[in-house]
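Before any comments, here is the structure.
The values are calculated or read from the model by the stated rules, or taken from the named source; none is laboratory data. Keep in mind that what you see is a predicted model, and the values were worked out from it rather than measured. Ideal geometry is used to build each Cβ from the backbone, glycine not excepted, and the neighbour counts take in all protein chains shown.
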Amino acid sequence: MKYVVTLNGMDYEVEVNELSEAMVTSVVPTAAPVAVAAPAPVTAAPVATPAVTPAPVAVGEGTKVVAPMPGTVLSVNVSNGQSVNEGDVLFILEAMKMENEIVAPCAGTIKQVIATKGASVATDEVLAVIG
């Protein structure tokens, strides 16, 4: 069986014999290399960017609860001033189509909740501060 295969802009005629394994018996260029013209530069029209409200920054001393991976905050289970115990579920973070529980690393009072429901967070981004 003969096939024409294009590789790096060059066509090759490939002959394959049918055996228990596929084996290429010959490769012959069928045409001279084709010159590919560079695409014309595209000038995009200016797009109005919506105003982005920066996320609140962790303030003060305390234990920072951080995102262990990038993802989307599905739920925030705590609020400022709330007492928590070590192991309490503070956030549900969706990452790679899995829901991950973000738990309190220590007991204390929530000083500041930084992450909001629906927010995208990066690895090691501070979600809350426990004092």
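Annotations
- Residues in the range 103-131 that are part of a strand (DSSP E or B), closer than 10 Å to V76 by Cα and β-branched (V, I, T): V113 alone.
- If you go through the range 76-93 and keep only what is in contact (Cβ under 8 Å) with a residue 24 or more places away in the chain, in a strand (DSSP E or B) and surrounded by fewer than 15 Cβ atoms within 10 Å (Cβ to Cβ), you end up with just S83.
- Yes/no for V47 being at pLDDT 65 or above and of a type in the set (A, V, I, L, M, F, W, C): no
- Within the range 94-108, considering residues that are exposed (fewer than 14 other Cβ atoms within 10 Å of the Cβ) and over 25 Å from the mean Cα position of the chain (by Cα), the one farthest from K64 (Cα to Cα): A107
- Cross-chain or 6+ apart pairs with Cβ under 7 Å, the range 104-131 first and at positive phi, then buried (at least 16 other Cβ atoms within 10 Å of the Cβ) and not in a strand (DSSP E or B): D124/A67
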